[in-house]
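Engineer: I'd like to ask some things about the structure below.
The values are calculated or read from the model by the stated rules, or taken from the named source; none is laboratory data. Keep in mind that what you see is a predicted model, and the values were worked out from it rather than measured. With ideal geometry, Cβ positions are generated from the backbone for all residues, glycine too; neighbour counts draw on all protein chains shown.
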Amino acid sequence: MLQEGAHERRQGSRGCSVTALLVTSTGDGVDATVVIAALAAVVAERRGRCAVVLPAQTGLPEGAPGELDRVQRLVPEAAFTELVRYPEALSPAAAARTSGRPALDPAVCVQAVLDAEATADLVLVMGGGGLLVRYDEDGFTMAELARTLRLPLLVVTSAGPGTVNATALTLEVVAARGLALDGLVVDAWPRHAGLATRSHVADLEMLAARPLLGVLPAGLAAACPAAFAAGARDGLGPSHGGTFDAAAFRRSVHGRGPDGTTSARSPGRP
């Protein structure tokens, strides 16, 4: 297991300048990749250098387009590193065991982040699937990587059913392990949000004890790179180089149409 606190890191958007972030989701079906692409797009728009590190890709054979290819289509200026890949659509630990291939080496993962940080203004570590997904038989997780490198966590959650419970569980892990929370970003906000979806905004901000850091609309990832960059800027808050106004968004979700839904402007609409 890695030594706790082996490397110094800043404490997120509430503290000093951040040079690396671990971007994780609250579970399967939540698209952290589009948020990573949005963060990278804002950096690229300002002519900064962004590096994206993917510790493990599963469910795809060698050479097939994966999560990094999705980001590269939208932000070709970024640098990309994929450490291990397995064809089985399983957790990284199970996929390594099933395929007979070596599991991700935690020390290699740590060094990849440090190497990327040496040449980039911002390093984004892709922790999709959740903080406690196992990467090897000893139980290495992205929570442990965050603790070791003191990486602030940007948690991507959904606007759909179950999001409050899934987010609460993730944030309990963050608090219990003494990890630094950068904040929450909501992915795939619908064009017409019903009452249940709109009610989640207050609940999510209460759980995080801070305003949302961004809201990206459903369908943004299908935009062309230029439109995606504009949508990313609109959908991310000032702490990440965007113009998203959490207070204005919070007010907008209280508006309702005759069918009980809201058609208030969704940030980042392509």
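Engineer: What are the residues in segment 28-45 that are among the hydrophobic types (A, V, I, L, M, F, W, C) and part of a helix (DSSP H, G or I), if any?
Structural biologist: ALA32, VAL34, VAL35, ILE36, ALA37, ALA38, LEU39, ALA40, ALA41, VAL42, VAL43, ALA44
Engineer: Please note which helices (runs of 4 or more DSSP H) are completely contained in segment 57-127 and include at least 2 residues that are farther than 26 Å from ALA38 by Cα.
Structural biologist: Result: 92-99, 106-117.
Engineer: Right, something else. Checking the conditions here, which among ALA159, ALA180 is small (Gly, Ala, Ser) and touching a Phe, Trp or Tyr at 6+ places or on another chain (Cβ under 8 Å)?
Structural biologist: Answer to the check: ALA159.
Engineer: Is it the case that some residue within segment 200-214 is crowded, with 21+ Cβ neighbours inside 10 Å and touching a residue at least 60 places away in the same chain (Cβ under 8 Å)?
Structural biologist: yes
Engineer: Mind checking which helices (runs of 4 or more DSSP H) fall wholly inside segment 161-263 and carry at least 1 residues that are closer than 22 Å to MET142 by Cα?
Structural biologist: Passing ranges, in order: 163-176, 195-208.
Engineer: Turning to a different aspect of this structure: Report every pair of residues separated by at least 6 positions or lying on different chains whose Cβ atoms are under 7 Å apart, first residue within segment 234-253 and surrounded by fewer than 19 Cβ atoms within 10 Å (Cβ to Cβ), second of a type in the set (D, E, K, R) and at pLDDT 95 or above.
Structural biologist: THR243/ARG233; THR243/ASP234
Engineer: Inside segment 182-199, can you point out the residues that are of a type in the set (A, V, I, L, M) and surrounded by 18 or more Cβ atoms within 10 Å (Cβ to Cβ)?
Structural biologist: Residues satisfying the conditions are LEU184, VAL185, VAL186, ALA188, ALA193.
Engineer: Answer yes or no as to whether ALA168 is within 23 Å of GLY127 (Cα to Cα), surrounded by 18 or more Cβ atoms within 10 Å (Cβ to Cβ) and in contact with a helix residue (DSSP H, G or I) (Cβ under 7 Å, 6 or more places away or on another chain).
Structural biologist: No, not satisfied.
Let's see how each residue does on (1) at negative phi; (2) in contact with a strand residue (DSSP E or B) (Cβ under 9 Å, 6 or more places away or on another chain); (3) not polar (S, T, N, Q):
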position	(1), (2), (3)
THR119	yes, yes, no
LEU124	yes, yes, yes
GLU144	yes, no, yes
ASN165	yes, no, no
LEU169	yes, no, yes
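Engineer: Which pairs do you get when a residue that is under 16 Å from LEU145 (Cβ atoms), found in segment 48-59, comes within reach of a residue that is aromatic (Phe, Trp, Tyr) and surrounded by 24 or more Cβ atoms within 10 Å (Cβ to Cβ), reach meaning Cβ atoms under 7 angstrom, with the pair 6+ apart or on two chains?
Structural biologist: Within 7 Å, the pairs are PRO55/TYR135; ALA56/TYR135.
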